[in-house]
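Can you keep this structure in mind? I'll have questions shortly.
The values are calculated or read from the model by the stated rules, or taken from the named source; none is laboratory data. Because the structure is predicted, anything quoted here is derived from the model rather than measured. So basically every Cβ, Gly included, is an ideal-geometry build from the backbone, and we count neighbours across all protein chains shown.
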Amino acid sequence: MIHKRTKVVCTIGPASSDPKILKQMMLSGMNVVRLNFSHGNHEEREEQIKNVRRLAKEIGKPVAIFADLQGPKLRLGIIDGIRKITKGDKINLSLNPIGDELPMQFDLSPYVKHGQRIFLNDGLVELKVLEVAGKTIKTIALNNGVVSSNKGVNVPDTTIREGVFTQKDAVDAEFALKMGVDYLALSFIQTVDDMKRAKELIKQYSPNTKIIVKVEKREAIENIEEIVKATDVVMVARGDLAIETSNAEVPIMQERIVKICRQYQKPVIIATQMLESMIENPRPTRAEVSDVANAVLDQVDCVMLSAESAQGKYPVEVVETMTNVILSVEKFPDYKHYTNINWDALIAKEVPQLAIASAASSLGNRLGAKALVVGTVSGRTAKLVSAFRPDARIIAITHDEQTKNQLALVWGIEPHVVKPSANFNTFLEHILAEVKTIKEFNKGDKIVMVTGTIAGLTGATSTIEVATL
């Protein structure tokens, strides 16, 4: 099995749904499966979830699954073929188009104003609003391009307050939660309040499922610290974020988001076009390799593949490429660096558990321990230990299958499941027995154990122990 700290997220689609391909991707370094609910149907998603679970069990590798909800993604309607647009063309957009007007799936007329920008086809075509006449938006094209059915629409100068969590999202979320996905990813979140409906559904259908917030709106950047505190995981969705802001701003925003996530011990995923050229080509560009490498150097938790693994010609090779880049960077001597936490910025009740994680990580580094072995019920303690980016391997031991899968997304964590036990000493025996099955460990190796004194009770972590195998 490949041991790397940075995890790989792969979007599953037509190129990668075949179980044989999925298995190869898992063996090549895939840790997390992303199901994009902007495409496909529930029958396809159910089959994919079942295949991932079966294959992960077959090869003995934890794999997390997250359902990525579409959100209020603005899109064009159905267009006959491909529509060519030339700079200077007068283009009308309408929910109920007449003649050559472009059809919309969402009525933007109450929100846009004269002079604002509208981007079509994921930013490739830029329009400027001339006027709004009833429900028709009259624009002028600022560049040449093409559009076709269902292409994305972005309005970076416009705020659409209602409808962040759509009816489609609610239906898809209920299905995904009943199917037991590990994470629910929310699109186009602007404030903490936008997460409310999703949290209600999680509480109703699958209380242990975690939330991933996709940062892709300027409003989200303005509220980023509050959003980070309120979510479980953050994704920097650079595609829509670049359109909603600007390409030049995205690298700085990415660095800022990563820094805030590290401060509040929240896993962070970097997404969009990481190895885009491998959709068509067997090898990436040097710029793409540098993009992945820089994310790994920043010690993000995950790097993500989108169309590369969902639709590309080389779904297995692209995972192998990403894994090779990660391993190359993680061998680099300057890669490792301990995390410093601003303790004053933390809520008082979080400090004791975080202090234990910090002490265990520091002790492991000073002793040259081969592993930090963390007994965890909800996964919280293991995530806290990971947040300090220790040198030693992080072995998380839990009795919960979903916790094991969720931890597959977090930097450096190698999750294992043992039999549940109400007796603390028996639980310790189970932990040590599991550690001894790991082939890379030898007799005499030192490990640092982080556990609670009450087996099976979440939030009771209170003990650090040094053991010799």
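For segment 88-125, which positions are touching a helix residue (DSSP H, G or I) at 6+ places or on another chain (Cβ under 8 Å) and among the polar types (S, T, N, Q)?
If the condition is that a residue be touching a helix residue (DSSP H, G or I) at 6+ places or on another chain (Cβ under 8 Å) and among the polar types (S, T, N, Q), then no residue fits.
Let me ask something else about it. Name the one entry in 422, 392 that is in contact with a Gly (Cβ under 7 Å, 6 or more places away or on another chain), farther than 25 Å from residue 55 by Cβ and at pLDDT 90 or above.
After applying the criteria, what remains is 392.
Report, by residue number, each residue of segment 6-16 that is in contact with a Lys or Arg (Cβ under 8 Å, 6 or more places away or on another chain) and outside any loop (DSSP other than H, G, I, E, B).
Answer for segment 6-16, where residues must be in contact with a Lys or Arg (Cβ under 8 Å, 6 or more places away or on another chain) and outside any loop (DSSP other than H, G, I, E, B): 9, 10, 11.
Quick test for you: out of 105, 48, 70, pick the one residue that is under 22 Å from residue 201 (Cβ atoms) and either at pLDDT below 95 or of a type in the set (Asp, Glu) (or both).
70
Out of segment 230-259, which residues are in contact with a strand residue (DSSP E or B) (Cβ under 9 Å, 6 or more places away or on another chain) and assigned to a helix (DSSP H, G or I)?
Passing the criteria: 230, 238, 239, 240, 241, 243, 244, 250, 253, 254, 257, 258.
Among the candidates 363, 372, 354, 428, single out the residue that is touching a residue at least 12 places away in the same chain (Cβ under 8 Å), part of a helix (DSSP H, G or I) and in contact with a Ser or Thr (Cβ under 8 Å, 6 or more places away or on another chain).
Within the list 363, 372, 354, 428, the selection yields 428.
Which residues, counting only those in segment 268-282, are out of contact with any Phe, Trp or Tyr (no Cβ under 7 Å at 6 or more places or on another chain) and either part of a helix (DSSP H, G or I) or under 15 Å from residue 214 (Cα atoms) (or both)?
Within segment 268-282, 268, 269, 270, 271, 272, 276, 277, 279 qualify.
While we're on this one: Restricting the first residue to segment 237-256 and requiring it to be without any contact (Cβ under 8 Å) to a residue 24 or more places away in the chain and of a type in the set (S, T, N, Q), which pairs with a second residue that is surrounded by fewer than 22 Cβ atoms within 10 Å (Cβ to Cβ) and part of a loop (DSSP other than H, G, I, E, B) meet a Cβ separation below 7 Å and a spacing of at least six or different chains?
Close Cβ pairs satisfying both conditions: none exist.
Can you go through 96, 143 and tell me which one is surrounded by fewer than 18 Cβ atoms within 10 Å (Cβ to Cβ) and either among the charged types (D, E, K, R) or under 24 Å from residue 246 (Cα atoms) (or both)?
After applying the criteria, what remains is 143.
Name the single residue that is surrounded by the most Cβ atoms within 10 Å (Cβ to Cβ) among those in segment 190-229 being outside any helix (DSSP H, G or I) and hydroxyl-bearing (Ser, Thr, Tyr).
Step by step, filter segment 190-229, then rank; the result is 209.
Against the definition (closer than 23 Å to residue 339 by Cα and polar (S, T, N, Q)), how does residue 273 come out, yes or no?
No.
Anything in segment 17-45 that is in a loop (DSSP other than H, G, I, E, B), within 16 Å of residue 67 (Cβ to Cβ) and more than 17 Å from the chain's Cα centre (by Cα)? List them, or say none.
Within segment 17-45, 17, 39, 40, 41 qualify.
A further question on this structure: Could you tell me whether segment 432-440 includes any residue that is in a helix (DSSP H, G or I), under 29 Å from residue 266 (Cβ atoms), out of contact with any Gly (no Cβ under 9 Å at 6 or more places or on another chain) and of a type in the set (A, V, I, L, M)?
yes
Cβ-Cβ below 6 Å, separation at least six or inter-chain, first residue in segment 15-34 and without any contact (Cβ under 8 Å) to a residue 60 or more places away in the chain, second assigned to a strand (DSSP E or B): which pairs?
As it stands, the answer is 33/65, since those pairs meet every condition given.
Kindly list the number of the only condition in (1) part of a loop (DSSP other than H, G, I, E, B); (2) surrounded by 15 or more Cβ atoms within 10 Å (Cβ to Cβ) that fails for residue 404.
Evaluating residue 404 over (1) part of a loop (DSSP other than H, G, I, E, B); (2) surrounded by 15 or more Cβ atoms within 10 Å (Cβ to Cβ) leaves (1) as the failure.
Continuing with the same structure: Across segment 355-368, which residue is nearest to residue 444 (Cα to Cα) among those that are surrounded by 23 or more Cβ atoms within 10 Å (Cβ to Cβ) and either modelled with pLDDT of 95 or more or of a type outside the set (S, T, N, Q) (or both)?
Top of the filtered list is 364.
Something else: Suppose we keep only residues that are surrounded by 18 or more Cβ atoms within 10 Å (Cβ to Cβ) and of a type in the set (Val, Ile, Thr) within segment 161-174. Which one would you say is farthest from residue 186 (Cα to Cα)?
Filtering first and then ranking leaves 166.
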